1. Could you please find all residues in region 258-299 being closer than 23 Å to TYR191 by Cβ, in contact (Cβ under 8 Å) with a residue 60 or more places away in the chain and buried (at least 21 other Cβ atoms within 10 Å of the Cβ)?
2. Find the residue count for region 295-314, including only residues that are in a helix (DSSP H, G or I) and out of contact with any helix residue (DSSP H, G or I) (no Cβ under 8 Å at 6 or more places or on another chain).
3. So is ASN129 within 21 Å of the chain's Cα centre (by Cα) and part of a strand (DSSP E or B) or not?
4. Would you confirm, using the coordinates I've provided, whether VAL232 is surrounded by fewer than 16 Cβ atoms within 10 Å (Cβ to Cβ) and touching a strand residue (DSSP E or B) at 6+ places or on another chain (Cβ under 7 Å)?
5. Where the second residue is open to solvent by 60 Å² or more (accessible area, probe 1.4 Å) and not charged (D, E, K, R) and the first is modelled with pLDDT under 50 and lies in region 1-20, which pairs have Cβ atoms under 8 Å and are six or more apart or on separate chains?
6. Return the residues of region 88-112 that are farther than 19 Å from PRO14 by Cα and either surrounded by fewer than 16 Cβ atoms within 10 Å (Cβ to Cβ) or among the charged types (D, E, K, R) (or both); say none if nothing qualifies.
7. Considering only residues that are polar (S, T, N, Q) and under 22 Å from ALA176 (Cα atoms), look in region 68-121 and name the one that is nearest to the chain's Cα centre (by Cα).
Amino acid sequence: MAGSAESTPALGLPLWLHAELTHRCPLHCVFCYNPVDYANGAAELSTEDWRKVLREARALGAAQVGFSGGEPLQRDDVEELVAYAHELGYYTNLLTSGVGLTEARAKALKAAGLDHIQLSFQDSTPQLNDFLTHTRTFELKQRVAALIKANGWPMVMNCVLHRHNLPHVAKIIDMALDLGAEYLELANTQYYGWALHNRAHLMPTREQLQEAEAVVQAYRERIGSRCRLLFVVPDYFEERPKACMNGWGSVFLHIAPDGRAMPCHNAGQLPGFAWPNVRDHDLRWLWYDSPGFNAYRGSGWMQEPCASCEEKGKDFGGCRCQAFLLTGDSAATDPVCSKSPHHEQVLRFVQSAARRRTRGTAGSAARDW
């Protein structure tokens, strides 16, 4: 599957290390990208295993590390790993639901040198946030937001959007502004893991997306630089695919909780790959020489219409995981591209969402599940 020497460019550095510490999480979000069989996974890496990963990735040029999950604070060694990453010279980021971030742990993480926390919300009210997570966590998240501000971290929030909370995007932005957020990522659901499993219930209508994006733009014009708003359109509503992870094995290195090294956090579902483990190999070999990381670099692997497309250097054929999930072939053109012979399948999914009655309250949403 690897490209020819002529079609495989000089390899970049794994600048962004994604350290997925655990799949464990106290929340039960229906759009989670955790693999649906995560409970059957192998044992998590030890603290020493992660320290080895951090050393080797830094030696390869990694500049930023994101500690994520699941919920990374389910592990009691996060502070130690942050401190070690800081000592090595990383910019450190914690991606969290907020559950487990007590005042004591916040102080410890600050002392360890943590640079950045991204806090997730699911909606703008306790009723809706807690319904969507199947937990009672809204007030906890508000307290965590205050902790983030009190410790001098940038206030970065994330909210995953879908058919049930898109109508509330104005209230979500107002909530973020009230909490002092400097950056709000409104990331529409991408359909992997549990989100794919629940796609029929999550897929919005095109009108919902257009209305929400118009609201976001109006807020941008009104609030200026007070808070940066990022609105990420779901792939299914695009005419061209995104350059997934800036290209396969280009800048992004994902380490799963069990130690498998992959070019993205969903690649474990692709058939035919025996992803190498950091317990058995060093990262230099994994990044430069392993068959999996070289499989879709360059363009030699591409089928038509990608192979002769003038845009292949922009989107790199799109997402390999999405191609597999929608066509059964991980080397196919991403079907969200209008040039794909499978694009009609994406259009059918979008049209099916338009036929479903949009429900905008937690009570009616509950009946939809």
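The values are calculated or read from the model by the stated rules, or taken from the named source; none is laboratory data. These figures come from a predicted structure and were not determined experimentally. Every residue, glycine among them, receives a Cβ derived from its backbone with ideal geometry; neighbour counts consider all protein chains shown. When the accessible area is computed, the model is the full protein with side chains, heavy atoms only, and any ligands, DNA or RNA have been set aside. Shrake-Rupley method; radii C 1.70, N 1.55, O 1.52, S 1.80 Å.
1. Correct list: ASN266, ALA295, TYR296.
2. 4
3. no
4. On the way: surrounded by fewer than 16 Cβ atoms within 10 Å (Cβ to Cβ): yes; touching a strand residue (DSSP E or B) at 6+ places or on another chain (Cβ under 7 Å): yes.
For VAL232, the condition - surrounded by fewer than 16 Cβ atoms within 10 Å (Cβ to Cβ) and touching a strand residue (DSSP E or B) at 6+ places or on another chain (Cβ under 7 Å) - is met.
5. MET1/PRO291; ALA2/PRO291; THR8/ALA2
6. Matches in region 88-112: THR102, GLU103, ALA104, ARG105, LYS107, LYS110, ALA111.
7. SER68
So that you can scan it fast, the table gives a plain yes or no per residue for (1) under 30 Å from PRO335 (Cα atoms); (2) outside any helix (DSSP H, G or I); (3) open to solvent by less than 10 Å² (accessible area, probe 1.4 Å); (4) at pLDDT 95 or above:
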{"site": "LEU147", "(1), (2), (3), (4)": "no, no, no, yes"}
{"site": "GLY152", "(1), (2), (3), (4)": "no, yes, no, yes"}
{"site": "ALA170", "(1), (2), (3), (4)": "no, no, no, yes"}
{"site": "ILE173", "(1), (2), (3), (4)": "no, no, yes, yes"}
{"site": "ALA181", "(1), (2), (3), (4)": "no, yes, yes, yes"}
{"site": "TYR191", "(1), (2), (3), (4)": "yes, yes, yes, no"}
{"site": "LEU196", "(1), (2), (3), (4)": "yes, no, no, no"}
{"site": "ALA200", "(1), (2), (3), (4)": "yes, no, no, no"}
